[in-house]
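Taking it in order: structure first as structure tokens, then the write-up.
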Amino acid sequence: MEYRGYDSAGIGYVLQKKLEVIKACGKLHNLREQCAKEAQALTVSTALGHTRWATHGAPCVKNAHPHVSQDGRLALVHNGIIENFLELKAELLTQGYSFQSDTDSEVLVNLISQALKEEQDLVKALQKALQRAHGAYAICVLDQETPNVLYACKQQAPLICGLGIGENFIASDIPAFLNYTREVLFLEDHELLRLTPHSYELLKLDDLTPIKRDTKEIQWSMQAAQKGGYRHFMLKEIFEQPKVITDCLAGRLGANYRVLLPELDAQAIPKHLHIVACGTSYHAGLWAAHLFQSIAKVPTTVEIASEFRYKEELLLDAHCDQLLVISQSGETADTLAALDMANAIKIPTIGLCNVLGSSIARSAKAVIYTQAGPEISVASTKAMTSQMLLLTCMALYYAQRKECLKASVAQEFFDKLQALPQILEAQLPSMQERAKQLARKFAKSQSFFYLGRGFCFPLALEGALKLKELSYIHAEGYPAGEMKHGPIALIDPTFPTFVLAPIDQLLYPKIKSNLVEIQARQGQVIALTNPGSDLEHCERWEIPAFAGPLAAFLLLPCLQLFSYEVADYLGCDVDQPRNLAKSVTVE
Ligand code: F6R
């Protein structure tokens, strides 16, 4: 399961009636070495293991799973986020519980342990405790008193059961047991599984009545299974975006249409925000600048980290300016250097990162985590979506603190953001189909322009970056209005242009005339637009219209899919393009 998380790992088992746990930080081989040291000649029939991708608490041994209840009786592994864990923790603290880790998972195991004291029966205790836990989870529990049984339950997080001969498995994904069995029982939300090596019992969590369900036979190869059946991690990560949006919004949209970003509550609102990042993260920043300015009325500049860090003078003022660095990995050397410079002159800093406990997350004064999960493919996709989402939340949050956002506008944003995952989920298959058609037609091009205006310009830059890094086709992103200042000289029938042309009142007519100018020079055009568009003599790619800048959440996956399909058609190594590394930790 390491591809789902690899910052720490652990196992738990019962040996001679005693619950034991072994944990290690870093990749799985560290745990293997630790096990060899701590538990030679270990033979147990039932065990519990977990590879972690930190969401609460830094990646370190104490925060690795399994987590053990205070009385030492229960071990629990957990994926997901318990949104009300602070409230539950406070309650348990008053009852004398203490905690070894910073995780929500340790709170959950103690909540179950507390319920077990009242109920005596673990199934009933699970039912009682889980009624109080809000959020998403998939959990598995081992009880010292019944060492041959595993208990599992899920809510909005994947959990499946593999049924073998004389051996059964619980996992969050198929590759965990594909070498042992292909027979799978899929759990639904609010169901509880009681599993032994020879039997299983599936119950409704609400009333503990039994559920009958047929198992399914999986035909995947091991390699396909790791990618969830997708040909590449990149494609899997593109298709994960609806879930990423849901995960990023969890706990952010509060009552009365107020955005919750407690990470920023202690900081003043910037008078001037400086966003610094590299590559795709820089494009997310450029896009967000439109929102910071239009919604929150915060003047915003966006700079590439390798340029920012070598400015002769920073000219920043600790009372007015704040620095926001954006980084998926949290380890990009130039971005980290820019952050260190701002910290050194006491400018308030904020880090927006995906990797918990990363260098940038540790150095920034305030940290906001995106909830994109591990991004394996070198080309960044779902991370950008998660960054744009949290940046939208930040803009709304600042606007609300400044009291410059009407309640009706906030409500409209909430409605649109909440509707997004479903809309995107429904659109992705047809987007891929259209991307495939267009890729076949244009894959042999030597060069490409990507044009956009307003919030679509950063997306044009991102579209061009994705195409060049994946398929090695020369591509340039331009603000469409700049074409006539030089670049249009390049246009001829072999030099196609990808135009971002969502229909809006102000910029659509402008981009339409840019398109006509290109066509007048016999340039071929792909126009990404909405139904009702009157763009002619081009490859029209229509996707549903969506509110203002938030349309980016539908436009971006089209750009990603087009590059993916071109690269795949050309036989390029999609997940590991030549000359590139996932995190750029050197200058
Ligand atoms: C492009 C890509 C890179 C990264 C850049 C910054 O697909 O992945 O351009 O966006 O190297 O990386 P982070 O966000 O980790 O700082």
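Here is how the numbers come out for the structure above:
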{"item": "Per-region count, the stretch 534-587, residues part of a helix (DSSP H, G or I) and either under 24 Å from the mean Cα position of the chain (by Cα) or within 16 Å of the ligand (Cβ to nearest atom) (or both)", "result": "21"}
{"item": "Flag if Lys18 is of a type outside the set (S, T, N, Q), touching a residue at least 24 places away in the same chain (Cβ under 8 Å), within 25 Å of Phe233 (Cβ to Cβ) and surrounded by fewer than 16 Cβ atoms within 10 Å (Cβ to Cβ)", "result": "no"}
{"item": "Counted residues, the stretch 369-386 - those being outside any helix (DSSP H, G or I) and either surrounded by 24 or more Cβ atoms within 10 Å (Cβ to Cβ) or near the ligand (Cβ under 9 Å from one of its atoms) (or both)", "result": "8"}
{"item": "The stretch 232-286, subset part of a strand (DSSP E or B) and surrounded by 21 or more Cβ atoms within 10 Å (Cβ to Cβ), residue farthest from the ligand (Cβ to nearest atom)", "result": "Val259"}
{"item": "Evaluation of Leu389 against (1) surrounded by fewer than 22 Cβ atoms within 10 Å (Cβ to Cβ); (2) under 27 Å from Gln226 (Cβ atoms); (3) in contact with a Cys (Cβ under 8 Å, 6 or more places away or on another chain) (one fails), failing number", "result": "(1)"}
{"item": "Cβ-Cβ under 8 Å pairs, at least 6 apart or on other chains, the stretch 459-483 side farther than 17 Å from Asp575 by Cα, far side of a type in the set (Asp, Glu) and away from the ligand (no atom under 16 Å from the Cβ)", "result": "Met483/Glu517"}
{"item": "Unique match (being closer than 23 Å to Lys18 by Cβ, surrounded by 22 or more Cβ atoms within 10 Å (Cβ to Cβ) and assigned by TED's automatic domain parsing to the domain that holds Ala47) among Cys153, Cys140", "result": "Cys140"}
{"item": "Which listed residue is assigned to a helix (DSSP H, G or I), under 15 Å from Ala250 (Cα atoms), at pLDDT 95 or above and more than 16 Å from the ligand (Cβ to nearest atom), from Leu417, Leu390", "result": "Leu417"}
{"item": "Enumeration of residues in the stretch 43-66 that are under 15 Å from Leu19 (Cβ atoms) and over 24 Å from the mean Cα position of the chain (by Cα)", "result": "Val44, Ser45, Thr46, Ala47, Leu48"}
{"item": "Test set (1) touching a Phe, Trp or Tyr at 6+ places or on another chain (Cβ under 8 Å); (2) within 16 Å of the ligand (Cβ to nearest atom) - Lys468 fails condition number", "result": "(1)"}
{"item": "Tally, over the stretch 289-325, of residues that are buried (at least 18 other Cβ atoms within 10 Å of the Cβ) and under 17 Å from Leu264 (Cβ atoms)", "result": "11"}
{"item": "Test: residue in the stretch 465-474 that is farther than 24 Å from Val378 by Cα and either among the basic types (Lys, Arg) or surrounded by fewer than 19 Cβ atoms within 10 Å (Cβ to Cβ) (or both)", "result": "no"}
{"item": "Lone unmet requirement of (1) in contact (Cβ under 8 Å) with a residue 24 or more places away in the chain; (2) more than 24 Å from Thr370 (Cα to Cα) for Cys60", "result": "(2)"}
{"item": "Residue within the stretch 388-405 that is assigned by TED's automatic domain parsing to the domain that holds Leu264 and within 18 Å of Asp7 (Cβ to Cβ) present", "result": "no"}
{"item": "Total residues in the stretch 183-203, condition closer than 12 Å to Ile160 by Cα and buried (at least 18 other Cβ atoms within 10 Å of the Cβ)", "result": "8"}
{"item": "Any hit, the stretch 356-367, residues being outside the structural domain of Pro557 (by TED's automatic domain parsing), buried (at least 23 other Cβ atoms within 10 Å of the Cβ) and part of a loop (DSSP other than H, G, I, E, B)", "result": "yes"}
{"item": "Pair list, Cβ < 6 Å and 6+ apart or interchain, from the stretch 295-319 residues that are more than 30 Å from Ser408 (Cβ to Cβ) to residues that are buried (at least 17 other Cβ atoms within 10 Å of the Cβ) and hydroxyl-bearing (Ser, Thr, Tyr)", "result": "Ile304/Tyr282; Ala305/Thr335"}
{"item": "Residue satisfying condition, being away from the ligand (no atom under 16 Å from the Cβ) and in contact with a His (Cβ under 9 Å, 6 or more places away or on another chain), within set Gln519, Gln524", "result": "Gln519"}
{"item": "Residue list for the stretch 326-352, restricted to those being charged (D, E, K, R) and either more than 8 Å from the ligand (Cβ to nearest atom) or surrounded by 24 or more Cβ atoms within 10 Å (Cβ to Cβ) (or both)", "result": "Asp334, Asp340, Lys346"}
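Okay, residues lined up against (1) outside the structural domain of Ser533 (by TED's automatic domain parsing); (2) at pLDDT below 95; (3) assigned to a helix (DSSP H, G or I); (4) more than 38 Å from the chain's Cα centre (by Cα):
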residue: Met483; (1), (2), (3), (4): no, yes, yes, no
residue: Ala489; (1), (2), (3), (4): no, yes, yes, yes
residue: Val499; (1), (2), (3), (4): no, no, no, no
residue: Leu506; (1), (2), (3), (4): no, yes, no, no
residue: Lys512; (1), (2), (3), (4): no, yes, yes, no
residue: Val516; (1), (2), (3), (4): no, yes, yes, yes
residue: Gln519; (1), (2), (3), (4): no, yes, yes, yes
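The values are calculated or read from the model by the stated rules, or taken from the named source; none is laboratory data. All values reported here derive from a predicted model rather than from experimental measurement. When we count neighbours, we look across all protein chains shown, and the Cβ atoms used for this are built from the backbone with ideal geometry, even at glycine.
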